[in-house]
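Novice: Shown below is the structure under consideration.
The values are calculated or read from the model by the stated rules, or taken from the named source; none is laboratory data. As the structure is a computational prediction, the values presented were derived from the model and not from experiment. Every residue, glycine as well, gets a Cβ built from its backbone with ideal geometry; the counts of neighbours run over all protein chains shown.
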Amino acid sequence: MPDDSAIHDLLSDPDAVRSLHEGRERASSSDEDDASPEDDHKTNAQEWLGDLTLLQGVPFPYLLPDERALPKNSLRFFYVDKNWVRALREGALSVGRDHAAHEAHDEAFGDELKAAANRTATTIRARLLGQAPPDPEAAAQKLNGAETQDPPSIPTMSGFLLRSVAVADWPGLRATGYEQKNEEDKFRELRLLRFERLSENLLLGLFQGTLQKLRLGRAVETLHFGLTKKKGHWAVSLRNPDTGAPETDTLSTKGAMRNQGTDRVVQAGSLANKLADHFGEKTFSSSEYTLQMVQSTREVVFNVPRQSTAAPDGSR
């Protein structure tokens, strides 16, 4: 039987620790149950570290140390420093690491856990929404434009903080972020990793990639009929009757408004006849009328200043 010093040396060797675990896995591979408590522990650890990668649970004063950086009714954009996230995770993983065996275990399996956490971080929001989680490796390859066999690194992340009464008044706010690789490329939509109200008037959005354009708008359920003000009178913003695509032309509602428009009330039948005449139709169905009259929710588009200096990247 080996003495205590031999056991200590064995458990302090990362290669020996890995061999012990691999032997244990092979011995238990013939069990009938596919899942084991150890698998659950691994999954829990990956999800916990993935949440931490998205700054979940980090006290807000650590993210915004001075309230003056985010005054009332303001929008601020930010980039996430991977070195900061790396230090945050290292600090979290160091809890309870009090002797050489723990250090050896972390050295043997730490990179695997961090790589799994990086993959998990990109799928957490989809799973919370009940959607099919995207494939993180394929997404990373698409994002970087090349295939790689290296372990997935901490995802490039950027986002915004909105402090406004609009957050409380419009709980259905939605955000879409875009990135442009270069001036010749089109903007492509970024994956939203985290979208959360931190308080009544404070909203956090976190995207995978470098945010260069942000669209903020109300929920799509608030579609409504509406008119557009054009040169002092109300008009219909026309759509192509075949494709539904917006057109540049508008149609004045003059003659189809009650009391010359002072009551801001449309006479639906008269307006339908004007639309039919405009498109050369004898009659105008309710679906055709809806196509021309429906208006989507208003959106505000922000162009984000480009990052002047890039934070060093890492593989863990």
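Novice: Do we have Met257 as more than 42 Å from the chain's Cα centre (by Cα) and either surrounded by 13 or more Cβ atoms within 10 Å (Cβ to Cβ) or at pLDDT below 90 (or both) here?
Specialist: On the way: more than 42 Å from the chain's Cα centre (by Cα): yes; either surrounded by 13 or more Cβ atoms within 10 Å (Cβ to Cβ) or at pLDDT below 90 (or both): yes.
Yes: the conditions hold for Met257.
Novice: Just the residues that are part of a helix (DSSP H, G or I) and either touching a residue at least 12 places away in the same chain (Cβ under 8 Å) or outside the structural domain of Glu247 (by TED's automatic domain parsing) (or both), please, taken from segment 259-272. Spell out how you get there, then give the answer.
Specialist: If we filter segment 259-272 for residues that are part of a helix (DSSP H, G or I), which is where we start, we get 259-261, 268-272.
Passing the criteria: Gly261, Ala268, Ser270, Leu271, Ala272.
Novice: State yes or no: is Leu88 part of a helix (DSSP H, G or I) and of a type in the set (A, V, I, L, M, F, W, C)?
Specialist: Values: part of a helix (DSSP H, G or I): yes; of a type in the set (A, V, I, L, M, F, W, C): yes.
In short, yes.
Novice: What tally of residues in segment 160-175 results from selecting those that are touching a residue at least 40 places away in the same chain (Cβ under 8 Å) and either in a helix (DSSP H, G or I) or closer than 12 Å to Leu216 by Cβ (or both)?
Specialist: 9
Novice: Which ones in segment 228-245 are in contact with a strand residue (DSSP E or B) (Cβ under 8 Å, 6 or more places away or on another chain) and either surrounded by 12 or more Cβ atoms within 10 Å (Cβ to Cβ) or of a type outside the set (D, E, K, R) (or both)?
Specialist: To start, the set of residues in segment 228-245 that are in contact with a strand residue (DSSP E or B) (Cβ under 8 Å, 6 or more places away or on another chain) comprises 228-230, 233-240, 245.
Once the filter is applied, which keeps residues that are in contact with a strand residue (DSSP E or B) (Cβ under 8 Å, 6 or more places away or on another chain) and either surrounded by 12 or more Cβ atoms within 10 Å (Cβ to Cβ) or of a type outside the set (D, E, K, R) (or both), segment 228-245 yields Thr228, Lys230, His233, Trp234, Ala235, Val236, Ser237, Leu238, Arg239, Asn240, Ala245.
Novice: Of these, Leu211, Leu192, Leu198, Leu206, which one is in a loop (DSSP other than H, G, I, E, B) and within 27 Å of Lys72 (Cβ to Cβ)? First the steps, then the outcome.
Specialist: Details: Leu192 fails: in a loop (DSSP other than H, G, I, E, B); Leu198 fails: in a loop (DSSP other than H, G, I, E, B); Leu206 fails: in a loop (DSSP other than H, G, I, E, B).
Of the residues listed, the single one that is in a loop (DSSP other than H, G, I, E, B) and within 27 Å of Lys72 (Cβ to Cβ) is Leu211.
Novice: Working only within segment 49-62, note down all residues that are crowded, with 16+ Cβ neighbours inside 10 Å and in a helix (DSSP H, G or I).
Specialist: Result: Leu49, Gly50, Asp51, Leu52, Thr53.
Novice: I'd like the residue in segment 113-136 that is of a type in the set (S, T, N, Q) and over 12 Å from the mean Cα position of the chain (by Cα) and, out of all such residues, is modelled with the lowest pLDDT.
Specialist: Among those that are of a type in the set (S, T, N, Q) and over 12 Å from the mean Cα position of the chain (by Cα), it is Gln131.
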